[in-house]
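Following: one structure in structure tokens, then a few remarks.
The values are calculated or read from the model by the stated rules, or taken from the named source; none is laboratory data. None of the values given here were measured: they were computed from a predicted structure. All Cβ positions, glycine included, derive from the backbone under ideal geometry; neighbour counts span all protein chains shown. SASA here: full protein model, heavy atoms, side chains in, ligands and nucleic acids out. Shrake-Rupley method; radii C 1.70, N 1.55, O 1.52, S 1.80 Å.
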Amino acid sequence: RSAIYVGMLLLSNIPLLYAQSQSAIEPASAQARGISYIWWSMFWVAVAVFIAVMLILAWGLWRGKADKPTHLSYLASRNLVIVAGVAVPLITVICLVGGSLFLGRTLSEKPPADALEIRITGWMWWWQIEYLDENSNTIATTANELHVPVNKPIQLYLESGDVIHSFWVPQLHGKTDLIPGRTNSSWFEVDVSGTFRGQCAEFCGLQHALMGFLVVSEPQAEFDAWLANQQTPSSAPSTSETTAGQRVFFEAGCQHCHTIKGTDATGTAGPDLTHLASRQSIASVTRQNSRAHLGGWVADPNGIKPGAKMPMSQLEPEELSNLLDYLQSLN
Ligand code: CUA
């Protein structure tokens, strides 16, 4: 079975770095801990029920073999049905449902007032991430890589630009749908620094399975520096290659879909590229953000993600090289 699994991973050609654990039972936030607590409670109750049923079954089989089977009296068998058949299952189910409803209530409570507000918009098939100020104005825009400070409540506003998606980081919280025409909210607070993989959890089309993202939690000072950098426009090209690369960017029409702050590129159909080089991955965590993968993506996006809206480019090798120099200078 593991050979088949490894084979599938190789066939799907996803770098193993990004096949990281997405485990709901390795929680890194109070919210996910609550969910994993419910999960383990259900698991151990199920184990206890399974063992009890198996023991009774074994006892029944053993008794059936005895030469002279004894029968329970009418009263004893009636009580057995009432207690074991009705009361015990009912009490068990009520406790589990009650615990689950109580947790649901706790999770849907409002976050503390000092929460950091972030708007996330799902698109086929990537994530737009906007950091908001007190007046809900966007101060920085990025894609597919959500940075958050540790030990700080994070308030998410979840929206969709096209179809229904679902935001899910198993180690941080449960799923919340992103529905066109409405704003859902969710909040969490991460305990530790680290990188957590998230995944779209609602089937949304051809590339649903490759609609991943990363959540990077870091100490407040590091986060502040990161956010300050994301807020600045990209620096102007400083070498002849990057200058030529920027020209290729505009000649190829990339600005119609992408924004690069500090330039005339203000398209909104695709991810904001202002600080592209500061991200770990491209194409929604499908590939590492390396020159080779970026080149492959620019040359033939549909070769990596069939159905992606970004068109194939027809660039000369030198043009592509210059463009990559320019894109890699956006950090
Ligand atoms: Cu977006 Cu599935």
Exercise. Which value in deg cm²/dmol, rounded to the nearest 500, describes the helix-derived mean residue ellipticity at 222 nm for the chain, given -39,500 (n - 2.57) per DSSP H run of n ≥ 4 and division by the residue count?
Worked result: -12000 deg cm²/dmol
Seminar exercise, completed: Taking Cα atoms only, helix 220-231 is inclined relative to the longest principal axis of the chain by an angle, in degrees rounded to 10, of 50
Problem set entry | Length added when fully stretched, residue 136-residue 222, from 0.36 nm per residue minus Cα-Cα | 28.7 nm
Problem set entry | Label-point separation, residue 63 to residue 316 (7 Å along Cα→Cβ), nm | 9.0
Problem set entry | Inter-centroid distance (Cα atoms) of region 137-159 relative to region 239-289, Å | 21
Exercise. Using Cα pairs under 8 angstrom and six or more residues apart, how large is the relative contact order of the chain, in percent?
Worked result: 16
For this session: Note the angle between two axes, namely the Cα long axis of helix 2-12 and the longest principal axis of the Cα atoms of the chain, as a number of degrees from 0 to 90, rounded to the nearest 10.
Result: 30
Problem set entry | Accessible area per residue in Å² at 1.4 Å probe, computed on the chain | 55
Exercise. Any idea how many Lys pairs in the chain come in under 25 angstrom at the alpha carbon, given 8 or more places apart or on separate chains?
Worked result: 5
Exercise. Which whole number of Å³ per residue matches the convex hull of the alpha-carbon atoms in the chain?
Worked result: 167
Seminar exercise, completed: Expected max-MSF residue from 89, 301, 149 in the GNM of the chain (alpha carbon, under 10 Å) is 89
Problem set entry | Inter-site label distance for residue 76 and residue 236 at 7 Å from Cα along Cβ, in nm | 9.6
Seminar exercise, completed: Subtracting the Cα-Cα distance of residue 299 and residue 328 from 0.36 nm times their residue separation yields 8.9 nm
Seminar exercise, completed: In a Gaussian network model of the chain with springs linking alpha carbons closer than 10 Å, the residue among 98, 60, 303 that fluctuates most is 60
Exercise. How much length, in nm to one decimal, is gained on full extension between residue 105 and residue 45, taken as 0.36 nm per residue of separation minus their Cα-Cα distance?
Worked result: 19.4 nm
For this session: Please give the FRET efficiency for residue 23 paired with residue 90, using the beta carbon to beta carbon distance and R0 = 22 Å, rounded to the nearest 0.05.
Result: 0.10
Exercise. Against the longest principal axis of the chain, how steep is helix 30-65, in degrees 0 to 90 to the nearest 10, with axes from Cα atoms?
Worked result: 30
Seminar exercise, completed: Ranked by GNM mean-square fluctuation in the chain (Cα springs under 10 Å), the top entry among 39, 123, 59 is 59
Exercise. Within the accessible area of the chain, what % is carbon and sulfur when the probe is 1.4 Å and the other protein chains stay in place?
Worked result: 63
Exercise. Can you put 131, 157, 74 in order of accessible area, largest first, using a 1.4 Å probe?
Worked result: 74, 157, 131
